[in-house]
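Structure, as C-alpha cells:
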Amino acid sequence: MNTNFTSQARDIFIVGLRNAHAMENQALSIMKPQASRIESYPQVLERLQRHIAETEGQIRRLDSILQGMGESPSALKDTTQSFMGAMAAMGHSMASDEIIKNSLANFAFENFEIAAYTSLVTLAEAGGLAEAKALLQQSLDEETAMACWLEENLPAVTLQYAGLRAAGVSAKV
C-alpha cells in the first residue's frame, strides 16, 4: 500500500466499496425482474442475462477486495438498495412502455456505475492497491460495455416497440 494513502483516503475507499456492493445488489434487484418478464425482445433478454452474471461476478470481486482489507459489506446498505431497486422495477412493470422505460433507466444506472467504479479505480491507484485496481477495472470495463450496448440498441428497441404497438401486438415486454 502507498504510504501516502492516508487513513482518511482508506476510509473513503472502504465506504465507496460498500456503496458499490450495495449498488450492485440494487442492480440485480432491478435486472432480475426485468429479465423474468421479457418475451418480445430476445436480444435484450440475452444481454440482460449476461450482465446479471457479470454483476454477480462484480459482487464477488467487491467481497474479495473488502475481505482483503479486513472489511465487510454493509448489510443495511445492501438491503436498502435492493429494496429500492425492487420498487423501481415494480414501478416500470405497470407502464405500457415498460421496455422503453427499462432501457432508459438501465442506461442511466450503467452510467452511474461507471462513475462509481471510475472513482474507486482512482482511489485504488492512489493507494497503490494494484490487485484491487485490476478487479475494479474489470468491473468498470463490464459496466462500460453494457452502457455502450444499451446506447447502441436503444434505437432498435424503440422501433421494435413502436412496430409491435402499431401491429396491435402486446409490446410491453
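In nm, what is the difference between 0.36 nm times the number of residues separating Arg165 and Ser40 and their Cα-Cα distance?
Numbers: separation 125, 0.36 × 125 = 45.00 nm, distance 1.16 nm.
That pair, Arg165 and Ser40, stretches by 43.8 nm at full extension.
Could you tell me the relative contact order of the range 7-166? Use alpha-carbon pairs under 8 Å, at least six residues apart, and round to a whole percent.
Numbers: 138 pairs, mean separation 47.1, N = 160.
Relative contact order comes out at 29 percent.
Read-outs throughout are calculated quantities, based only on the coordinates presented, and are distinct from any laboratory measurement. What you see is a predicted model; the values in this text were computed from it and never measured.
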